[in-house]
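Throughout, read-outs are computed from the coordinates displayed, never taken from laboratory work. Just so we're clear, the structure is a prediction, and the values are computed from it rather than from any experiment. Every residue, glycine as well, gets a Cβ built from its backbone with ideal geometry; the counts of neighbours run over all protein chains shown.
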Amino acid sequence: MRWLGRLPHAHVVLAAVLMGWLNADRYKVDFGPSSGTAVLVLSVLQSGAAILALSRPVPAWWLSMIALFLVRNAGEGNISHAALWSWSVPGVALHALVLFLLALRVRPRITAEALGLSILAAVAALAFLAPVPDQILLPGAARPILASSAQDVTVVQDAVTFTIAVVLGIALRGRRVARTQLVEQEVLTAEERARRTLLEERNRIARELHDVVAHHMSVISIQAQVAPHLVKDPTDELKENLAGIRGNAVEALTELRRVLGVLRSEDALADGVRHAPQPTLDRLDELVGTVRGAGLRVTTDITGEPRPLSPGVELSAFRIVQEALSNAIRHAPGAEVRVAIGYRTGGLTIRVANSAPDGPAPPSPGAGHGLLGMHERTAMLGGELATGPTPDGGYEVTAILPAQAAKPADPGEPAP
């Protein structure tokens, strides 16, 4: 209901129109029947200033001040002796409304200056009045009082009215500014949390890939060391080249260890887990069995000719399935999950879909690394990932990982 957001503006316009109508009636009495045009102009100026303050509070305040000055210097008014105000009550109410709207929009220092000038204008208005009798009878008073005392009372009432409007506006503005700053801080905190989560996930992926790369570099080093013994009478040039290959492999391993030392934090995994072999799709049955033990109904479907893939693809595929099953356990209790692995000529297709949960899922205490990790692993390999709800109320994760088999495929084999 967006129209409710404009309801305060409508209230301001209604109040301005009502006060303008009351002002017009008051000015007709004060200025006499021959001042119809002046009455209309002054009423429109003061009411228009209150409406203008909704969008342009500073110009509206100046317009209201000009209108109040003209009120004191137009016609043959007897406003100064008929009430306890330097101006008419509706006029003071309109100017207080302008000050209130000004306090909502500008800094408190500017609002305080406007308040001071408004009070000075009230004092100045009394200074330019025509001479008044020594004693005047105020409405409702039991006896006449001195004119100077009446003028002092009028200035005090103007000042109190304007000050209340300004204090209220400044308080509401301060509350709004504090709320805005709180929202901005919450946005910054959420962005920082998302960035930290992304870095942590990339850190974990880098640690896992380190073991894969280190394994290959170790194999290269060992092969370069053994190769001269496999050749009868190897030349010195061959020995030198193989020694250079082994030296480069050993140096690369040393640098990788340094990088891993930077990536691993103090609260990293235990040494036994750190140095465990990285999982591949050969352990898919073990993973599914563990998930079934947690109470989730899981079925697997493997299409195509299973073949060994590069270690990075095997590791990423296993982690994607693992994260998808973990999400199903947390967010879809009691659901049925289907894991489909498709071996294609140019890569690997992974699809993990769960049905609608039996009941509401408990709140997750995690930081939301699951989907982020899937996206990072897929993007690292140049693949594609699609995640989202299904029409039956479940959730689906589909990943396409481009990969080359470790051995050439049979040319006569049809594509899966």
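Brief remarks on what is shown
- Most tightly packed first, judged by the mean number of other beta-carbon atoms within 10 Å of their residues, the peptides 98-110, 231-243 read 98-110, 231-243.
- In terms of the mean number of neighbouring beta-carbon atoms within 10 Å, the peptides 383-389, 59-65 order highest first as 59-65, 383-389.
- Extreme residue, positive dipole direction of segment 172-255, given options Leu238, Leu182, Thr254 (C-beta unit charges): Leu182
- Gain in span if fully extended, Val231 to Thr345, counting 0.36 nm per residue against the direct Cα distance: 37.4 nm
- Per-peptide packing, taken as the mean over residues of other Cβ atoms within 10 Å, places 324-335, 216-227 in the sequence 324-335, 216-227 from highest down.
- Translational D in µm²/s for segment 173-236 (Stokes-Einstein at 10 °C, 1.306 mPa s, Kirkwood Rh from C-alpha pairs): 94 µm²/s
- Ser55-Ala190 pseudo-label distance in nm [points 7 Å out on the Cα-to-Cβ vector]: 3.1 nm
- In this Cβ point-charge picture (+1 for Lys and Arg, -1 for Asp and Glu), segment 170-229 has a dipole of about 540 debye about its Cα centre.
- Seen from all directions on average, segment 303-396 presents a Cα convex hull projection of 6.5 nm².
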